1. Kindly put 112, 146, 345, 81 in sequence by how many other C-beta atoms sit within 10 Å of each C-beta, fewest to most.
2. With angles folded into 0 to 90 degrees, how steeply does helix 307-326 sit against the dominant principal axis of the chain? Use alpha carbons for both and round to 10.
3. Quick one: check the C-alpha center-to-center distance for the range 221-260 versus the range 296-327, whole angstrom.
4. For 123, 41, 77, which order do you get if you count the other beta carbons within 10 Å of each Cβ and list the fewest first?
5. Remind me, relative contact order of the range 2-361 in percent, using alpha carbon pairs under 8 angstrom and six or more residues apart?
6. I'd like the distance between the alpha-carbon centres of the range 35-87 and the range 130-186, rounded to an integer number of Å.
7. Can you give the angle from 0 to 90° between the axis of helix 10-21 and the longest principal axis of the chain, with both taken from C-alpha atoms, to the nearest 10?
8. Relative to the longest principal axis of the C-alpha atoms of the chain, give the angle of the C-alpha long axis of helix 157-175, reported between 0 and 90° and rounded to the nearest 10°.
């Protein structure tokens, strides 16, 4: 709780302002102003990594909202992330037009599979605004339907976690099929432009980076507003003593649905920002292991601390990027060991290290 109070203190606001200054001000300047020969130049590859991490941090905030503050452990949030990615990916595929391999208005994979026209659910995705809206709305609607049925049936705890994982696995198998009209095993890729701007242009990469971090800070502020409000107090009551909250007159179904749908919408937006930067979206994003890793980000960073959840996403994915280049065979052992170590020795996550050091200095450490 000490870390949580500090994150909402004036010092916490200063930390947030400092992070925004660095990631939205300094880093773009290092990329756009300094020449590539400068040792301080921020390369486009570096921007790509940070942009991806920002999207992952948004997902971590979304998971923390439902797990850390509402007590709902989801092992299927990769579904919402992937749906947002597919929505924007469909727009990017249609943006290619006749510049594809087969010089057809249809996406290349449809021509290869002898499709004669676009499936009905592709209509409207030639509009970037519509695709962006669907990246948020579709995960939100799916979350509402799934959540309403599950929460109304009083499914909770490990049983809820299992069915979210089952949902992720079922959709992964569905999206692997060519009949779905979403690229099958290969997914959607070979994008050329977004909203008319070439994706390979340095200015486009910089813009996507800035948009990713702007969305991350906006998401943090939105989540903070929720958890610091009276609504957040009710969510914590649902997490800790749902039966008593229901007995005192609160319709816990509505509160859980709100957090669940908001979390899904955030993941959808994160997926929409992620796909143009990595250049591909395929069913592998739906595999249950990805959703489990999202939970690990939050647990390692600090469940129920927002800032800790985002920090966990940056730390783990930064380590993953390093290990997969220099020692890929060690990565899973490192991740598992880190998760076990944090669970045993830092149950409040890495963000609690500062609080422990402060107490130790004052001679109050346990």
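1. Details: 112 13, 146 18, 345 8, 81 31.
The order, fewest Cβ neighbours first, is 345, 112, 146, 81.
2. 50
3. Taking the Cα centre of the range 296-327 as reference, the centre of the range 221-260 is 27 Å away.
4. Numbers: 123 10, 41 14, 77 28.
Final ranking by Cβ density, sparse to dense: 123, 41, 77.
5. Values: 537 pairs, mean separation 114.8, N = 360.
RCO, the range 2-361: 32 percent.
6. Rounded to whole Å, the Cα centres lie 19 Å apart.
7. For helix 10-21, the angle is close to 20 degrees.
8. The angle comes out at about 10 degrees.
Quick note: the coordinates plus some simple rules give every number you see, no bench work behind them. Just so you know, these numbers come straight off a predicted model, no measurement behind them. With ideal geometry, Cβ positions are generated from the backbone for all residues, glycine too; neighbour counts draw on all protein chains shown.
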